[in-house]
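The values are calculated or read from the model by the stated rules, or taken from the named source; none is laboratory data. Given the structure is predicted, the values throughout are model-derived calculations rather than measurements. Ideal geometry is used to build each Cβ from the backbone, glycine not excepted, and the neighbour counts take in all protein chains shown. Just so you know, the surface numbers come from the protein's heavy atoms only, side chains and all, with ligands and any DNA or RNA stripped out. Shrake-Rupley method; radii C 1.70, N 1.55, O 1.52, S 1.80 Å.
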Amino acid sequence: MLTIIIPTRNEEQNIIPLTERICSSLQGQAFEILFVDDSNDGTPRVLEELSHKNPQIRFIHRHNQRGLATAVIEGFKAARGNILAVMDADLQHPPEILPHMLKSIREGNDLVIASRFVPGGDDGGLSPLRKLISLTARLIGRLALKKVRPVKDPVSGFFMLKRKVIDGVTLSPLGWKILMEILVRGRYHLTAEIPYIFERRRGNHSKMNITEQVNYLRHLVRLVLSSPEDLRFWKFCLVGTAGVMVNMFFFLLFNRLFSLDVVLSALLATSLAIFGNFMLNDLFTWTQQKEDHLLNRAIKFYLCSGAGMVINVAVLSALHCYLRIPAILANGAGILASTAWNYYANNRWTWANTTSRQLASEKSDSH
C-alpha cells in the first residue's frame, strides 16, 4: 500500500482540492493520505471532516510543534504503507505525477524523485529570487556530498520511496530538506527522477525564510561531519589550502630574504609544501591505522602530487593556449582537476588499506 505523507501548516483552502486530485489520480490503487498538521487556522477542522467522510484519509494534529522535516518523520512512523510518498499541501506538487512515481517504484527503483531539472521538468512556479535560492542550495549540496551529486533535484520536496530505504535509519534533519538526508543516510540501490512542472503556489504565502536557509546550511555541515567519505574529502581540501599558504610563505622567504633564484625558490617551496601536506593528510585526513610503511606512503604521495602538477599544467595550457580562456580561469580549472586527481589517487593508492579498513568498519557498524 502507498501512504502519501503531507505536512500542513495553515493550508485550509488547499486541502479539499488537493485531496480530490490525489483520489482522482490514484483510482484503483491501494493508498492512504496522511496529513501531519501544525496549523492554527481552520485546517484541523477541514481534515477532521474529510477523515470522517473518507477512510483513506488520516491526520495527526501536533500541538506546539513546527517543522516540515519533523512532520515528515512523524508521518513515516505512523504510515501503514510499505511505499511512502512525501509532497507539499500547497498544490505546487501536482498529484497527477503520483501514478508515474508509483510505477517507477514497482519497476524496481528504491527511491523516485519528482524533479524540476530533468528533461520535461520546470521550476516555473518559483519567483526569480526563489529560483536563485534553489539553485544555490542545489549547487552547495551537490558539491558538499558525494551521494547527492548524481541527483539533479536533491532539494525536491516531492518524492517516493520503499519503506526499507529508511527502516533502521536514524533521521534527524534540520529545516525543510529531508530528501538530502535520505540520500546520504538511506539504504537504497536504484534511484530515478521523473520530470514535473512546479506549479505556482495557491493560497497562503510561502513558509521559506532566512531561518530555514540557515538551517539548511547547518544540516549540510552535520551531514558532512557524519559522512566519513565526504569529511575525508573536505579535510583533504583543507590540507591542500594550507599547503598553498605554506608554499607561498617559503617561496617568498627563499626568493626575497635569501635571494635565491625564482625557479629554485619555487622548487624548494613546493617540496616543503608537499611534505607538509603528506604529514597532515597522514595524521589528519586518513586517521585509521596504516599497514604501509611511512616511507612507502610518502613516495606514493609525492608521485601522485607530481602527476597532479602535470595535470594542472596540461589543463591550464589546453584551456588558455588553445581555447583562449583567460589564464586565471584556466588555472582555476587546472587546480580543480589536479585536486580531484590527487584525492582519488591517494585515496585509492597511497592510503588504500586505510580506506578499505574504514569502509569495512562503517559497514559493520551499520548492521
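Assorted remarks:
- Flag if ASP37 is under 21 Å from GLU199 (Cβ atoms) and among the acidic types (Asp, Glu): no
- Test: residue in the range 121-135 that is in contact (Cβ under 8 Å) with a residue 40 or more places away in the chain and touching a Gly at 6+ places or on another chain (Cβ under 9 Å): no
- Evaluating PHE284 against the criteria (1) closer than 22 Å to SER338 by Cβ; (2) open to solvent by less than 50 Å² (accessible area, probe 1.4 Å); (3) in contact (Cβ under 8 Å) with a residue 40 or more places away in the chain; (4) of a type outside the set (A, V, I, L, M) leaves one unmet condition, (2).
- Every residue from the range 117-142 that is in a helix (DSSP H, G or I) and open to solvent by 20 Å² or more (accessible area, probe 1.4 Å): PRO128, LEU129, ARG130, LYS131, LEU132, ILE133, LEU135, THR136, ARG138, LEU139, ILE140, ARG142
- Selection status of ALA269, outside any helix (DSSP H, G or I) and over 30 Å from GLY42 (Cα atoms): no
- Of the residues contained in the range 311-331, one or more are found to be over 29 Å from PHE254 (Cα atoms), aromatic (Phe, Trp, Tyr) and assigned to a helix (DSSP H, G or I).
- Scanning the range 143-181 for residues that are surrounded by fewer than 18 Cβ atoms within 10 Å (Cβ to Cβ) and under 15 Å from ALA114 (Cα atoms) yields PRO150, LYS152.
- Residue check, LEU217 open to solvent by 70 Å² or more (accessible area, probe 1.4 Å) and either within 15 Å of the chain's Cα centre (by Cα) or touching a residue at least 60 places away in the same chain (Cβ under 8 Å) (or both): yes
- Each residue in the range 286-303 was checked for being within 32 Å of the chain's Cα centre (by Cα), part of a loop (DSSP other than H, G, I, E, B) and among the charged types (D, E, K, R), and 1 pass.
- Count of the range 216-267 residues, restricted to those that are more than 23 Å from LYS147 (Cα to Cα) and of a type in the set (Val, Ile, Thr), is 5.
- All positions within the range 230-263 that are of a type in the set (Phe, Trp, Tyr) and within 25 Å of THR339 (Cα to Cα): PHE233, TRP234, PHE236, PHE249, PHE250, PHE251
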